[in-house]
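Down below is the structure, laid out as structure tokens.
The values are calculated or read from the model by the stated rules, or taken from the named source; none is laboratory data. Predicted model only: the values in this text are computed from it and were never measured. Positions of Cβ are backbone-derived with ideal geometry, glycine not excepted, and every protein chain shown enters the neighbour counts. Note: areas computed on protein heavy atoms with side chains; ligands, DNA, RNA excluded. Shrake-Rupley method; radii C 1.70, N 1.55, O 1.52, S 1.80 Å.
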Amino acid sequence: MQTYLQFAVLGLGLGAIYIGLGTGLLLVHRATGIINFAQGAMAMWGAYVFAQLRLDGTLMLPIGSIDLGRRPTVAVAALIGLVTAVLLGLVAHYLVFRPVRNAPVLAQVVVSVALMITIQALVVLRFGPNNIKVDSILPEGSWSLAGIELSSREILMTLIMAALSAVVWAYMRFTRAGVATRAASENERAAVLMGFSPDRLAAVAQVIASVLGTVAVTLGSALTGLNPENYTLLVVPALAVLLVARMESIGIVVVAAIVLGAFQSIIGLLVTKPWWPVWAQSGFDQIIPFAVVMVILFVLGRRLPSRGSLQTVRLPDVVIPRLRLVPAVVLAVVGVAALALTSGSYRFGITTSIIVMLLALSYVVLTGYLGQISLAQGAFAGAAGFTLSKVTSNLGVPFPLSVILCGLVASALGMLVALPAFRIRGAQLAIVTIAAALAIERFVFNNYSLTPPEGNPIAAATLFGINLSVREGRDLSRLSFSLMVLVIAALLVWMFIRLASGDTGRAFLAVRANERAAASSGINVRMTKLIGFGISAFIAGIAGCLIGLSRGQLSAESFTVFAGLQVLAVAYLGGITSVGGAMVAGVLGPLGIVYVLLRGVFDLGAYYPLISGLGLILTAILNPVGVAGATREQVAWVRRRLSRGGTAEPPPVADATPKPKEPSHV
Amino acid sequence: MKRSLAAVACAAAVALTAAGCGSEPGSADSSGGLSGDPVLIGVQAPMDGAAAYPQSGYGAQAAEKYVNEKLGGINGRPLKIQLCAGDNSPETAINCANEFVSSNVAAVFDAYDATMGAAVPILTSAKIPIIGQLGGQGIADALPAGQAFYLSGPLETSALGSMTILNQLGKKTAALAVTETPSSHGYVDRLIQPIAKELGITVSPMYTPTSNMNFNVMAATELSGNPDVAGLIALPEDGCTGLIKALRTQGFTGTVFAGSCSQFVTDLGGQAAGAVVQPRLWVPASKKNAPAEVQTQLDDFAAAMDAIDRGDEQSARSLYSFGGMVDLAKIISGIRGEINPDTVTTAMTQVKDYQTFAGPTVTCDGKQWPGRPSSCSHKGIFFEVQQDGSLKPVDPNGFIDLDPSKVPAAA
């Protein structure tokens, strides 16, 4: 019992971080209606600034750095770290979140994910990818309670963060600005009419959240060190805490954070016990936040508050695709020529682009057509890839049956994830899917029982005696493999176009526009969602199999949460509502041909995540139809000019939701 | 507004990208003024990510400069390394291997990268030999004769050595941390545990995700079982230091086992005393107690690290890469004629009674370790940290012969 108490106290370190991030998430949600997936990443920046100052006296800025000559004291370094957090909060508000304040939830989720990718990429570039040591602001030591030695630093951290949360609570409860923030969250129009500026209130909230998170991470990183990954993804358990508090109560955030931190710490002790099953040794602590999220959303799903905001921007338009022979043949010829005329890393880059195009296509189905936000497409792809390793290496299932089988496995997983989507939507669905993706990555893909030390080798494909393996001897990218990928991609695109232009596609669009209206016109909304998730996950699964075949070996690294989010970034960048968008995404995608050129010709491979993150922020704000949509609009404009007003393209399908009136400006 | 926002954002993107394009220490010209076609060696080093050992790459960079400037290159030709930074993912190892094949490297040096196994099919298919100081995964070092050469022995050396020394010290229970990766699970389950069982030692492993190491929790977890020995099997250098510091802070006065970590000795001073370490070579901190010729070599190593502005990164890992690369350069200097994968392989198989850099005498005849023809040695060395921070070999002779028959996998 004594040991468990000691571990519960040690878990308070984690709990204190959850308090900081959870309270910040709640505050920003109340002020803007946005769930900020970048909360952990934002909190990390100021902590990094503090740590670097203490390491060598360098004040690291996003661009350039200032050498202070000698290491500043802990207090001065911490103060500079907090000033950085204030500035970051202001920049995030005015440049990133304010422009999408009235945009659809999809754009808001995408923009916060983009900010997360951008900050993480910037941290890697500025501070390096490796762990760095962080000085402790609080003294180390222990207190004795009834003869039990308890670590004092974790207790102090929790008290500090709880006190800061209490200050935020008092701000919301007793100050005019805080009350106005709460009022605006209930009814933004009324708050505007009463003379408040929701925009300024949101800026204040964003700054407070950034500072609170930075304090938490600065304190917490003294226990763990800092690296670009750990604190960025702590937003997931913090989101679980936020949901337990029903996005409303700061008091419950504090309590839930402490309980979750303590519980995870005790689990960490239990997994080392000899009686604990081997299969549950890896990543079990990540299951807990996911389980919390699932339970809360199932139990409270419909009762979670949403914000009465003023939406003025519609979801990106959809153009119903048509199967046209000439463009299809031209595309196929261009594809074959591009593969045949290149070799080595360039051919491999083009092949990867085709595979990423399929991953982006899975987003087009689910998000562009069905309007559902999933941050777990990478996990679906990974599930298929890992299954492919098992069915080819252990069971000897032949190609192409193996790939189809694994696509169906991904499809089943997708339909399982669709179950919460029956009750919830929008940002809450994004929370479920990112929690699921993280749990699958840590608990399944990284699981020793599934991934032996030799890795997950994938047997090369053969069909009718033709060797379709990706490499042979010194030939690293065989043409036959690349052509096989092209054929599979063409088949899937053809199937998608058939589907999108038929009844299913129309049902998807109806559900996207308005679920109630769709149901009243006889569409089975649940079944439609189930089909949408299934098809999308199937496409992602096939892409996962092709990733596996292209490498001959798979690990969790291919399907991390971040890898999935980067594909979302390029899918949105290319255009989330069209096949053309998916193709652009493929060209721009991770390890695709643009990446290969950036790396090989311009030596800029390290900047790829930063460029894709910034590109995504810009797209989400300025050009929600993506590169493909913008190009289509330009082409249509030129054609109209040429034909003197004649329509060259079918009119885009607009959402059924009426466009609200412009908000009154204060 | 939107246009100005876009302009600001684009300018920021360009500036951010430009800002990062700086020069790194060690990126200066390392050719030593030698002319002629460089001899290109690929180096796969785990330099990036949470479980990074960047020192493994620095050691290779220092060796490149040292070989060219102090040893006159390879038969007068400059040694050139193609350093590929691994991040503990097989995917990156595969990309690196593809680049090595595309660049026509003469050999690939495995700078103790735990994901080297993923590169094996590509490199063996291209008939490029893999050479390293020690194997990190039990895959490349398990290859048939003539495909890989590990100068100080295979992965089994570490497992057998660590349990042998704990047994010699009379320890019966050990709680040891290790990075949470599939290969480390395999290492513990397939090697450490069977050997420990044979020697009557109970080992409680603690798998730690290196992206999130809470040292207080780790130390408390290890000490919750009251072990004779606490410490680690393998962690990055900062992880070693953090864990050992937390163990001492929480009052542990027993034996600390620190794997092949070395930087904690400098970082922790007196708190490090009594810890047992198991590197593969005479490491810098052991210089005081090393033979005279090794002392000279360690001085050369220190000067070479200084020469690339990495003087503060002298560790077991950087020495492994440095020593291994210097040995490789000396061995292939004996090749008369073209230096390519075939001739390097032949030269390696002919290595006999060769005195390695700060290491044991080795013979790469494929018979040094049963079932592991890649191994060139079956010797081990262990040190105890002294109060003054120096390392003293547990056995006065330094290297001792290990008994591979105790390893079930190799039997």
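Indicate the gyration tensor shape class of chain B (rounded, prolate or oblate), computed on the Cα atoms with a ≥ b ≥ c the square roots of the eigenvalues: a/c under 1.5 is rounded; otherwise a/b larger than b/c is prolate and the rest oblate.
Because a/c hits 1.5 or more and a/b fails to exceed b/c, chain B counts as oblate.
Given the options B:Asn397, B:Asn289, B:Asn214, which has the most mean-square fluctuation in a GNM of chain B, springs set between C-alpha atoms less than 10 angstrom apart?
Of B:Asn397, B:Asn289, B:Asn214, the Gaussian network model singles out B:Asn397 as fluctuating most.
Add +1 for every Lys or Arg and -1 for every Asp or Glu among the other residues with Cβ under 12 Å from the Cβ of B:Val351, and state the total.
Within the 12 Å Cβ shell, the charges total -1.
What are the ³J(HN,Hα) values, in whole Hz, obtained from phi via the Karplus relation 6.51 cos²θ - 1.76 cosθ + 1.60 with θ = phi - 60°, for each residue of the range A:394-407 in sequence order, with x given for Gly and Pro?
Each residue of the range A:394-407 in turn: 8, 9, x, 5, x, 6, x, 4, 4, 5, 5, 4, 6, x Hz.
How many angstrom lie between the Cα centre of the range A:425-457 and the Cα centre of the range A:564-599?
The range A:425-457 and the range A:564-599 have Cα centres spaced 22 Å from each other.
Could you tell me the calculated FRET efficiency between A:Leu416 and A:Ala332, based on Cβ-Cβ distance and R0 = 30 angstrom, to the nearest 0.05?
The formula returns an efficiency of 0.30 here.
Could you work out, residue by residue across B:186-196, how many beta carbons of other chains sit within 10 Å of that residue's beta carbon, and then give the average as an integer?
1
Cα centroids of the range B:188-240 and the range A:99-175: how far apart, whole angstrom?
29
Between A:Phe464 and A:Met1, how many nm apart are label points set 7 Å from Cα along the C-beta direction?
Between A:Phe464 and A:Met1, the simple spin-label model gives 7.5 nm.
Which residue, B:Leu281, B:Leu71, B:Leu123, has the most motion in a Gaussian network model of chain B that connects Cα atoms within less than 10 Å?
Looking only at B:Leu281, B:Leu71, B:Leu123, the largest GNM fluctuation is found for B:Leu71.
Report the label-to-label distance for A:Val635 and B:Asn75 in nanometres (one decimal), using points 7 Å from each Cα along the Cα→Cβ vector.
Calculated label separation equals 5.9 nm.
Round to a whole angstrom and tell me the spacing of the C-alpha centers of the range B:268-316 and the range A:334-385.
49
What total accessible area, in Å², is buried where chains A and B meet, using a 1.4 Å probe and rounding to the nearest 100?
4800
What order, most packed first, do the peptides B:311-321, B:203-213, A:160-170 have when packing is the mean number of other Cβ atoms within 10 Å of each residue?
Result, highest mean Cβ count within 10 Å first: B:311-321, B:203-213, A:160-170.
Relative to the longest principal axis of chain A, what angle (0 to 90°, nearest 10) does the C-alpha long axis of helix A:426-439 take?
90
What is the helix-to-structure angle for A:152-174, meaning the angle in degrees between its Cα long axis and the longest Cα principal axis of chain A, kept from 0 to 90 and rounded to the nearest 10?
Here the helix axis deviates by roughly 80 degrees.
Can you give the FRET efficiency to the nearest 0.05 for B:Thr346 and B:Asp29, using r as the Cβ-Cβ distance and R₀ = 41 Å?
Computed FRET efficiency for B:Thr346 and B:Asp29: 0.85.
Averaged over B:90-101, how many beta carbons belonging to a partner chain fall within 10 Å of each residue's beta carbon?
The shielding value for this peptide is 5.
What does DSSP give for the protein assembly as shown in terms of the percent of beta bridges that are antiparallel, rounded to the nearest 5?
40
Of all the stretches in chain A, which is the longest one without any exposed loop site, taking trypsin sites (Lys or Arg not before Pro) in a DSSP loop (any state but H, G, I, E, B) with at most 10 other Cβ atoms within 10 Å?
A:325-643
Order of B:295-307, A:252-264 by packing, highest average Cβ count within 10 Å first?
Result, highest mean first: A:252-264, B:295-307.
Counting only protein heavy atoms, what percent of the accessible surface of the range A:81-217 is carbon or sulfur at a 1.4 Å probe?
That share works out to 67 percent.
Which residues among the range A:59-73 fall inside the zone where the amide N is under 13 Å from a point 7 Å beyond the Cα of A:Val91, along Cα→Cβ?
Within reach of a label on A:Val91, which here means backbone N under 13 Å from a point 7 Å along Cα→Cβ, the range A:59-73 contributes A:60-65.
Can you list the HN-Hα couplings for the range B:175-185, worked out from phi with the Karplus curve (6.51, -1.76, 1.60; θ = phi - 60°), rounded to whole Hz and with x for Gly and Pro?
10, 10, 8, 8, 4, 7, 9, x, 5, 6, 4
For A:Trp275 and A:Phe298, what does the FRET efficiency come to when R0 = 35 Å and r is the distance between their Cβ atoms, rounded to the nearest 0.05?
Calculated value: 0.70.
In nm, to one decimal, how far is the A:Met495 label point from the A:Ile320 one, both placed 7 Å along Cα→Cβ?
2.3
For helix A:198-224, what angle does its Cα long axis make with the longest principal axis of chain A, in degrees from 0 to 90 and rounded to 10?
The two axes meet at around 80 degrees.
Under unit Cβ charges (Lys, Arg +1; Asp, Glu -1), what dipole magnitude, rounded to 20 debye, does the protein assembly as shown have relative to its Cα centre?
For this selection, approximately 4140 debye.
May I ask for the net charge around A:Leu549, where only other residues with Cβ less than 12 Å from the Cβ of A:Leu549 are counted and Lys, Arg are +1 while Asp, Glu are -1?
Result for the neighbourhood of A:Leu549: +3.
Need the full-extension length gain, B:Lys127 to B:Gln168, defined as separation in residues times 0.36 nm minus the C-alpha distance. One decimal, nm.
10.6 nm
So what's the back-of-envelope 222 nm ellipticity for chain B, counting only DSSP H runs of four-plus at -39500 (n - 2.57) apiece and dividing by all residues, rounded to 500?
Per the formula, -11500 deg cm²/dmol.
Heavy-atom accessible area per residue, the protein assembly as shown, 1.4 Å probe: how many Å²?
Heavy-atom SASA per residue in the protein assembly as shown reads 37 Å².
Which trypsin sites (Lys or Arg not before Pro) in the range B:338-379 pass both tests, a DSSP loop state and at most 15 other beta-carbon atoms within 10 Å?
Sparse-neighbourhood loop trypsin sites (Lys or Arg not before Pro): B:Lys352, B:Lys367.
Just add up the charged neighbours of A:Pro139: K/R +1, D/E -1, any other residue whose Cβ is under 13 Å from the Cβ of A:Pro139.
-2
In deg cm²/dmol and to the nearest 500, what is the mean residue ellipticity at 222 nm of chain A if only DSSP H runs of at least 4 residues count, each as -39500 (n - 2.57), divided by the residue total?
Taken over chain A, the calculation gives -21000 deg cm²/dmol.
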